[in-house]
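The values are calculated or read from the model by the stated rules, or taken from the named source; none is laboratory data. Nothing here was measured: the structure is a model prediction, and the numbers come from that model. Cβ atoms come from the backbone with ideal geometry, glycine included; neighbour counts cover every protein chain shown.
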Amino acid sequence: MLTIKCPWCGDRDLTEFAAGGEGHIARPLEPATQSDAEWGDYIYTRKNTKGIHYERWMHAQGCRRWFNAVRDTVSDEFLAFYKTGEPAPKVEGDGS
Amino acid sequence: MVDLTERVSALAAIYETGTFGATVDGGPSVAFSERRPLSIVHVAGKPDDKAFSDGVKTACGCDLPTTPGDIATSGDLSLVWLAPERWLAVCPNRGSGVLEAAFRDACGDSGAIIDVSHGRTVIRLSGANARTVLMKGAPLDFHKKVFTPGRAAQSAISQCGTLITCPAEDTFDVYVFRAFGQHMWEWLTDAAGEFGYSVETPAT
């Protein structure tokens, strides 16, 4: 069973969390000026990373806060956890 | 005519005092009771906003706990940390809307105060095996040195969101939404069956 470290509540079981997909995707500031292709890209296009992945999680059955995590999608190992708004930490092996 | 203002426990239909479960040497090692009637108020606001933090202190007599999972107490009132900027104030029933009004008067517009007294069922477990019963249900670290008196955590038991607090040694309160109260009671008492358990009269 995976353990995830909520930045507020500390180490908790995976079952308390909801995965939120890829992180650090900024919503366009002026959606009305976006072309269909650009908006579709914002909504749907994701990296599908093999390796180091920066992603969002929510402590759904705890404090219900969103936060960010760095996970290796090959080994499923979590490498870092950080609060929303904090810069992404550099992780060894990150090719991006 | 049904009096709709009278508070009726969500457990009223199934609550039965006595001794149940396995017969073990030394008698039952888990005691259940419903905590009622309580006043419960959900408090939200910015802890670094002085108007809010001072207001909370005026309303309930203790400082906001800002360490995750901590409980502050003042007399018979507990102020439980739920999440960043979210707390739950719990005390024996002070009358309809009284505790909520105390917070609203003291905090003004600096906080969001909601009376949830009618919306929660609170089940108290105590005894030598109370911790073991909870360990069957919630994926939390229940080690005696970790989940100590004065600590609280939100988690899930049987997929129901719960708040679990430890007010005293080997004593735990399980808070669930009222609609889940009966299910949680049945789940917990079933889990305690192997140890033998008693059901005491409800108290605050």
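Between B:A128, B:A156, B:A102, the distinction of being within 14 Å of chain A (Cβ to nearest Cβ) and touching a residue at least 12 places away in the same chain (Cβ under 8 Å) belongs to B:A156 only. Between B:A112, B:A59, the distinction of being surrounded by fewer than 16 Cβ atoms within 10 Å (Cβ to Cβ), in contact (Cβ under 8 Å) with a residue 40 or more places away in the chain and either in contact with a strand residue (DSSP E or B) (Cβ under 6 Å, 6 or more places away or on another chain) or more than 14 Å from chain A (Cβ to nearest Cβ) (or both) belongs to B:A112 only. Screening B:G119 on (1) crowded, with 18+ Cβ neighbours inside 10 Å; (2) over 16 Å from B:T165 (Cα atoms); (3) within 16 Å of the chain's Cα centre (by Cα) shows it passes everything except condition (1). Taking the stretch A:38-96 on its own, how many of its residues are in contact with a strand residue (DSSP E or B) (Cβ under 7 Å, 6 or more places away or on another chain), of a type outside the set (F, W, Y) and closer than 23 Å to B:S155 by Cβ? Of the residues in that region, 15 qualify. Residues in the stretch B:4-21 that are closer than 15 Å to B:D190 by Cβ and either of a type in the set (D, E, K, R) or in a strand (DSSP E or B) (or both): B:E16, B:F20. Among the residues making up the stretch A:5-26, those that are within 11 Å of another protein chain (Cβ to nearest Cβ) and part of a strand (DSSP E or B) are A:C6, A:G10, A:D11, A:R12, A:D13. Checking each residue in the stretch A:43-71 for being away from chain B (no Cβ under 14 Å) and small (G, A, S) picks out A:G51, A:A69. Checked against (1) farther than 30 Å from B:T66 by Cβ; (2) outside any strand (DSSP E or B); (3) within 14 Å of the chain's Cα centre (by Cα); (4) small (G, A, S), A:G85 passes all but a single condition, namely (1). Filtered by the rule that a residue be surrounded by fewer than 19 Cβ atoms within 10 Å (Cβ to Cβ) and part of a loop (DSSP other than H, G, I, E, B), the stretch A:57-82 gives A:A60, A:R64, A:T73, A:V74, A:S75, A:D76.
Here's the yes/no breakdown for (1) of a type in the set (D, E, K, R); (2) farther than 26 Å from B:V24 by Cβ:
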{"position": "B:N129", "(1), (2)": "no, no"}
{"position": "B:A138", "(1), (2)": "no, no"}
{"position": "B:R151", "(1), (2)": "yes, yes"}
{"position": "B:C166", "(1), (2)": "no, no"}
{"position": "B:E169", "(1), (2)": "yes, no"}
{"position": "B:F180", "(1), (2)": "no, yes"}
{"position": "B:M184", "(1), (2)": "no, no"}
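Scan the stretch B:17-33 and give yes if some residue there is under 15 Å from the mean Cα position of the chain (by Cα) and touching a residue at least 24 places away in the same chain (Cβ under 8 Å), otherwise no. Yes, the stretch B:17-33 has at least one match. More than 13 Å from the chain's Cα centre (by Cα), loosely packed, with under 14 Cβ neighbours inside 10 Å, of a type in the set (A, V, I, L, M) and more than 14 Å from chain B (Cβ to nearest Cβ), is that true of A:L29? So A:L29 passes the test. Taking the stretch B:44-65 as the range and being farther than 28 Å from B:A130 by Cα and in a loop (DSSP other than H, G, I, E, B) as the test, the residues that pass are B:K46, B:P47, B:D48, B:D49, B:G61, B:C62, B:D63, B:L64. The requirement of being over 19 Å from the mean Cα position of the chain (by Cα), buried (at least 16 other Cβ atoms within 10 Å of the Cβ) and more than 14 Å from chain A (Cβ to nearest Cβ) is fulfilled nowhere in the stretch B:78-94; no residue meets it.
Checking every residue in the stretch B:22-43 against the condition of being polar (S, T, N, Q), at pLDDT 95 or above, farther than 22 Å from B:T204 by Cβ and not in a loop (DSSP other than H, G, I, E, B) gives zero matches.
A:Y54: loosely packed, with under 11 Cβ neighbours inside 10 Å and without any contact (Cβ under 8 Å) to a residue 40 or more places away in the chain, yes or no? The answer is no for A:Y54. Taking the stretch B:66-76 as the range and being crowded, with 20+ Cβ neighbours inside 10 Å and more than 12 Å from every other protein chain (Cβ to nearest Cβ) as the test, the residues that pass are B:I71, B:A72.
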